[in-house]
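Below you'll find the structure, written out as structure tokens, and then a few comments.
The values are calculated or read from the model by the stated rules, or taken from the named source; none is laboratory data. From a predicted model like this one, the values you see are computed outputs, not experimental measurements. A quick note on method: Cβ atoms are made from the backbone with ideal geometry, for glycine too, and the neighbour counts reach across all protein chains shown.
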Amino acid sequence: MDSQFLKNYKPEKYSLKDKIILVTGAGSGIGKSVSVAYAKHGATVILVSKTIKNLEIVYDEISALGCTEPSIYPLNFKGATQEDFSKLSDSINKEYGRLDGLLNNAAQVGGLRPVKLLEPGEWESLTRVNLHSPFLLTQTCIPLLEKSDDPSILFSIDHKTKAYWGAYGVSKYAQIGLIKILSEELSGEQYIRVNGIDPGPIRTNLRIHNYPGEDPNEMASPDSVTNSYIYFMGKDSAEITGQNIRLQDT
């Protein structure tokens with residue numbers, strides 16, 4: 001798929017009408033902007049993040065727009081267990097009976113340093129947040145997605161395989177492999193499309209913290225990529241799976 005197509009894509013006004021979509025990392029940055037955009041286009045959004053205050057801010061913003069009331073589910077991926085994700089899945093099933101979309105967007109960098117200086121605890125923590133927890137959440141949500149007429153799994157990926165990106169770089173690159181495997185495994189009768197978006201340099205706290213030499217005002221805002229995220233959750237991408245799209249150079 002051509003990244004230029006995604007940059008120019010303009011969704012219809014209510015292209016996500018009646019969809020139930022879960023967004024992780026929904027409290028700030030891309031997760032916040034995409035959650036609001038999903039709601040504007042008719043979706044009911046399940047907001048998942050570790051900070052309740054941030055989730056409440058997003059909740060209030062969506063409510064003020066007159067959109068369908070979202071749900072808040074605070075969950076810290078750093079310490080989350082399989083039981084925690086099972087409880088989340090059970091809650092969604094009880095409240096909505098299905099899930100139409102899952103956006104794995106939450107991430108943690110932890111600072112840049114060479115592999116030889118990585119503490120084992122830091123490695124474990126970062127790979128848990130960026131890979132193990134998204135795996136558990138995705139696995140738990142697949143039965144809910146199988147109940148949808150148009151299910152989609154989407155990852156915010158990052159091609160960070162350069163020096164010093166350590167556990168973050170490894171775990172984000174592993175997500176690309178997970179997308180490939182899942183897209184093949186879920187391409188049968190109970191079809192669920194699985195894709196990834198690498199948004200590139202976006203003005204988020206994560207980017208600003210790890211690139212202190214950059215001028216944040218020269219970077220694109222999170223709102224600039226929301227249409228691409230809408231595309232992969234809507235019917236226009238119904239036949240697209242296994243894609244890992246880079247919207248711009250990092």
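For Gly242, state whether it is part of a loop (DSSP other than H, G, I, E, B), over 21 Å from Leu126 (Cβ atoms) and modelled with pLDDT under 95. When the stated conditions are applied, Gly242 does not pass them.
Scanning the stretch 160-183 for residues that are surrounded by fewer than 19 Cβ atoms within 10 Å (Cβ to Cβ), in contact with a Gly (Cβ under 7 Å, 6 or more places away or on another chain) and outside any loop (DSSP other than H, G, I, E, B) gives Ile176, Lys180. Is there a residue in the stretch 55-66 that is in contact with a strand residue (DSSP E or B) (Cβ under 9 Å, 6 or more places away or on another chain), of a type in the set (D, E, K, R) and either farther than 21 Å from Lys147 by Cα or free of Cβ contacts under 8 Å to residues at least 24 places away in the same chain (or both)? Yes, some residue in the stretch 55-66 is in contact with a strand residue (DSSP E or B) (Cβ under 9 Å, 6 or more places away or on another chain), of a type in the set (D, E, K, R) and either farther than 21 Å from Lys147 by Cα or free of Cβ contacts under 8 Å to residues at least 24 places away in the same chain (or both).
Would you confirm whether or not the stretch 202-213 contains a residue that is touching a strand residue (DSSP E or B) at 6+ places or on another chain (Cβ under 8 Å) and modelled with pLDDT of 95 or more? For the stretch 202-213, residues touching a strand residue (DSSP E or B) at 6+ places or on another chain (Cβ under 8 Å) and modelled with pLDDT of 95 or more: absent. Among residues of the stretch 79-112 being at pLDDT below 95 and more than 16 Å from the chain's Cα centre (by Cα), the one that is surrounded by the most Cβ atoms within 10 Å (Cβ to Cβ) is Gly110. Is it true that Gly27 is surrounded by fewer than 17 Cβ atoms within 10 Å (Cβ to Cβ) and assigned to a loop (DSSP other than H, G, I, E, B)? Judged against the criteria, Gly27 is not a match.
For (1) touching a Pro at 6+ places or on another chain (Cβ under 9 Å); (2) in contact (Cβ under 8 Å) with a residue 60 or more places away in the chain; (3) aliphatic (A, V, I, L, M), each residue gets a yes or a no:
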| residue | (1), (2), (3) |
| --- | --- |
| Lys10 | no, yes, no |
| Tyr14 | no, no, no |
| Val34 | yes, yes, yes |
| Val45 | yes, no, yes |
